[in-house]
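Colleague: Supplied in structure tokens, the structure appears directly below.
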Amino acid sequence: MYVAHLSLTDFRSYAQVELPLEPGITALVGPNGQGKTNLVEALGYVATLGSHRVPTDAALVRAGASRAVVRARVIRERDAGQPRPTLVEVEVTPGKANRARINGGSPTRAREILGILRTVLFAPEDLSLVKGDPDGRRRFLDDLLVQLTPRIAGVVADYDRVLRQRSALLKSAGAAMRGGRTGADLRTLDVWDAKLAQTGAQIIVSRRALTQALAPHVEKAYAQVSSGQGDAVITYKASLDQALGNDLGDDDASVELVEAQLLEAVGRLRSKEIERGVSLVGPHRDDLVLTLGGLPAKGYASHGESWSFALALRLASYELLTNGFDEAGDWGPDGEPVLILDDVFAELDARRRERLAELVAPARQVLITAAVPGDVPEPLAGARVDVMGGEVSRVL
Ligand SMILES: Nc1ncnc2c1ncn2[C@@H]1O[C@H](COP(=O)(O)OP(=O)(O)OP(=O)(O)O)[C@@H](O)[C@H]1O
Ligand SMILES: [Mg+2]
């Protein structure tokens, strides 16, 4: 697939901008702060409904405006023959539910557009996938999941709501208990435990399946971008297993089994949870563990190795989105995702830069941001768009 046109209204620094695009390689070139990343961030938003730079939407809306609109014309070539353009439009209104429209139809929930545009975005922030906290790695898995199986976005939203309500209840149960009262809150808590287990189990099972499918691609991609020392291994670590005292998680456990395990775990942790007023077990406490040659990447890997690992995670995502991973066909391929490389080359040494450029060059569409044309490696020579002072212009 590729994006044929991107249009922004009140998104970041842009009041209005139109960017026509072609398949193949395009470099967005301009000095610092001119709005290159803002353009590719908008595309990433259409694919995942999130930004790779900020956790909430407020900063995405142009200062002084109340909502931003991102429109993308996506050409999907799934069926050989006539490519079908799909016009995707999403309206970002901080503090309110975002709305979307597909092909100019009536407004729907934003998450209806998930799965239409698929992107893999490489950015300087990726280093924190290796060096940072678990929430970045959970987000990595979930962003990939919603592109592969858009249905999961609804489950994640339900789970987040359950967590919020359950935390409020745990806090009030704690206060009641300290005041010498018990009763009502605890019965309601049973209901929320069941909801947490039901939605949480689906997320855990999906993430485990994704991790298993990614693992061989990560190992291969790591060997390609690094000097080939040590195997890069990823495993899913569920807080549930820790709570139940299991040494190893069962990556093939069914949703039903995981749901039962979660219920048991919250049962065991109940008094502790009430005491602390937080949910202590579930997918929001899980992690994707990265190891290199048997040692945890975080805290042990060198800077260069960490970068190779981060690149390997993105390259593996690209591989999976391109080829699908479910033999039953449920999570099947839907055309190559659009590859976005935001300022990554400046971060890499010559060898990694070269390897990465070779690996991504053949993709259907590659968008690269760079401060000067010389930052774009030779194998990625292609079209060029200058970005300057809020204006974009194709260089002929
Ligand atoms: N919500 C917003 N409203 C108005 N301007 C914004 C908003 N968010 C970001 N900006 C502006 O956008 C500019 C940054 O744009 P962007 O990050 O795309 O730059 P860039 O071209 O990628 O630069 P670099 O080469 O340094 O990465 C900054 O000048 C910033 O002030
Ligand atoms: Mg930038």
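Colleague: With in contact (Cβ under 8 Å) with a residue 12 or more places away in the chain, open to solvent by less than 40 Å² (accessible area, probe 1.4 Å) and more than 15 Å from R394 (Cβ to Cβ) as the only criterion, which of A65, A15 stands out? Lay out the reasoning, then the answer.
Modeller: On the way: A15 fails: open to solvent by less than 40 Å² (accessible area, probe 1.4 Å).
Step by step, each of A65, A15 is checked, and only A65 is in contact (Cβ under 8 Å) with a residue 12 or more places away in the chain, open to solvent by less than 40 Å² (accessible area, probe 1.4 Å) and more than 15 Å from R394 (Cβ to Cβ).
Colleague: Of everything in the range 355-378, what is open to solvent by 10 Å² or more (accessible area, probe 1.4 Å), in a helix (DSSP H, G or I) and in contact (Cβ under 8 Å) with a residue 24 or more places away in the chain? Give them in sequence order.
Modeller: Scanning the range 355-378 gives R355, L359, P373, D375.
Results for (1) of a type in the set (A, V, I, L, M, F, W, C); (2) in a loop (DSSP other than H, G, I, E, B), shown as yes or no for each residue.
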position	(1), (2)
R71	no, no
R137	no, no
D142	no, no
V146	yes, no
P150	no, yes
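Colleague: Among (1) more than 22 Å from L341 (Cβ to Cβ); (2) open to solvent by 80 Å² or more (accessible area, probe 1.4 Å), which single condition is L114 missing?
Modeller: With respect to (1) more than 22 Å from L341 (Cβ to Cβ); (2) open to solvent by 80 Å² or more (accessible area, probe 1.4 Å), L114 is out only on (2).
Colleague: For the range 54-69, name all the residues that are away from ligand 2 (no atom under 16 Å from the Cβ), modelled with pLDDT under 95 and either out of contact with any Pro (no Cβ under 9 Å at 6 or more places or on another chain) or assigned to a strand (DSSP E or B) (or both).
Modeller: Listed by number, the list holds a single entry, P55.
Every residue, every condition in (1) in a helix (DSSP H, G or I); (2) in contact (Cβ under 8 Å) with a residue 12 or more places away in the chain; (3) touching an Asp or Glu at 6+ places or on another chain (Cβ under 6 Å), yes or no:
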residue: D247; (1), (2), (3): no, no, no
residue: A253; (1), (2), (3): no, yes, no
residue: Q261; (1), (2), (3): yes, yes, no
residue: V266; (1), (2), (3): yes, yes, yes
residue: R270; (1), (2), (3): yes, yes, no
residue: L288; (1), (2), (3): no, yes, no
residue: W307; (1), (2), (3): yes, yes, no
residue: A312; (1), (2), (3): yes, yes, no
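Colleague: Taking the stated definitions as given, is V233 β-branched (V, I, T) and farther than 20 Å from L292 by Cα?
Modeller: When the stated conditions are applied, V233 does not pass them.
Colleague: Of (1) under 25 Å from R394 (Cβ atoms); (2) within 16 Å of ligand 1 (Cβ to nearest atom), G24 satisfies all except one. Which?
Modeller: G24 satisfies every listed condition except (2).
Colleague: (1) more than 10 Å from ligand 1 (Cβ to nearest atom); (2) open to solvent by less than 10 Å² (accessible area, probe 1.4 Å): which one isn't true of V40, the others all being true?
Modeller: (1)
Colleague: Please go through the range 31-52 and pick out each residue that is within 13 Å of ligand 2 (Cβ to nearest atom), over 15 Å from L341 (Cβ atoms) and outside any helix (DSSP H, G or I).
Modeller: Listed by number, the residues that qualify are P31, N32, G33, Q34, G35, S51.
The values are calculated or read from the model by the stated rules, or taken from the named source; none is laboratory data. Just so we're clear, the structure is a prediction, and the values are computed from it rather than from any experiment. Cβ coordinates were reconstructed from backbone atoms using ideal geometry, including for glycine residues, and neighbour counts include every protein chain displayed. The area values use the complete protein model at the heavy-atom level, side chains included, leaving out ligands, DNA and RNA. Shrake-Rupley method; radii C 1.70, N 1.55, O 1.52, S 1.80 Å.
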